[in-house]
Structure formats: C-alpha cells, structure tokens
Amino acid sequence: MISISVQAEDFDISQEYRQLQTDNTQVGGIAMFTGLVRDLTDNPLTAMHLEHYPGMTEASLQQTAEQAAERWPLIDIRIVHRIGKLTPGEQIVFVGVSSTHREAAFSACEFIMDILKTSAPFWKKELHQDGAGNWVDAKASDQQRAERWNDKN
C-alpha cells in the first residue's frame with residue numbers, strides 16, 4: 001500500500017511507524033528517514049518556506065513510490081512532506097518503507113529520498129535573520145545520488 005501526504009501540519013513519527021507496522025506477518029523490516037530543516041548558512045536562517053504545485057507534487061511522489069515498489073518487494077510505503085513556513089529543527093519529510101527483508105527496506109527508503117530530492121516539484125526559499133530571502137537551488141551532490149539508481153535494477 002502506498003500513502004502520500006503533502007501537508008502544512010507536523011507529523012508524528014511514532015504514528016507513521018505504527019502505520020507501517022501492519023498486521024501483515026510478512027513484514028520483516030521497516031526503514032524510515034526523517035529530514036529536518038537545518039541551518040548551514042553564514043547568514044542565520046530564521047525559516048524555510050516550501051511551496052508546491054498541488055496535484056503535480058502528489059503525482060510525482062506517487063510515481064516515485066511506484067518505481068520503488070517495482071524494484072523491491074515492499075509491503076507499505078509512506079511519504080509525508082511538509083509545506084509552508086518551517087523553522088530550523090522542524091521536521092520536513094518522512095519516508096518509511098516496510099518489506100519482508102531489511103535490504104529491500106533500506107534500499108527503497110534511500111531510493112525514494114534520493115529521487116524525491118531531485119524530482120519532486122517543491123520550491124524552497126530560505127528566510128534569513130537580516131531579512132534576506134533566497135531560493136534554494138538543487139545541489140549537484142543530490143543529483144549524483146539520484147543518478148546512481150539509473151544503473152541499478
């Protein structure tokens with residue numbers, strides 16, 4: 001089962017975990033990733049504002065989850081991505097995957113996050129203490145991580 005949510009409100013990691021921990025006795029492993037807003041700038045970050053294109057964003061995340069399900073034997077996939085104004089330390093994204101085997105769960109979780117970072121239609125603007133704001137460009141390192149999946153089955 002695939003569950004996608006794009007939302008302004010925060011999410012509860014333990015609740016997301018329980019959703020992945022189904023009654024299916026085939027679940028052998030759950031892998032999860034939670035991303036946080038961080039401040040790695042010289043000019044102190046007060047917030048990050050995330051925008052998205054409703055409908056298109058959910059479809060992109062759904063497509064990524066379906067690609068993961070085609071590559072690995074997965075039971076459940078949950079993706080939650082927040083939008084709106086978020087401050088440093090706040091949760092921004094959750095990716096969780098359950099599978100019969102840990103290797104599939106780890107790989108699928110990493111794949112989803114790598115593709116999400118480069119393909120999902122989100123726009124991020126950093127808001128700084130001095131009042132400056134700048135749009136965040138995609139990082140070459142994120143693109144390289146995503147491209148490595150092109151060579152794998």
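We did not get these values from a lab; they are worked out from the coordinates using the rules stated. All figures in this text were calculated on a predicted structure; none of them were measured in a lab. FYI the Cβ positions are ideal-geometry reconstructions off the backbone, even for glycines, and counts take in every protein chain you see.
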A correct Kirkwood calculation over the Cα atoms of the range 10-118 returns a hydrodynamic radius in Å of 14.8
With +1 at each Lys and Arg Cβ and -1 at each Asp and Glu Cβ, the charge dipole magnitude of the range 45-101 around its Cα centre, to the nearest 20 debye, comes out at 140
At R0 = 25 Å the Cβ-Cβ FRET efficiency linking Ala59 and Ile13, nearest 0.05, sits at 0.50
Simple spin-label estimate for Arg102/Met1, 7 Å along Cα→Cβ, in nm, reads 2.6
The range 64-153, Kirkwood Rh and Cα Rg, ratio Rg/Rh at 1.04
Computed for the range 2-140: size of charge dipole around the Cα centre, +1 on C-beta of each Lys and Arg, -1 on C-beta of each Asp and Glu, debye to nearest 20, value 100
Once the in-chain neighbours fewer than 8 apart are removed, the aspartates and glutamates whose Cα is under 14 Å from Lys125 read Asp39, Glu51, Asp137
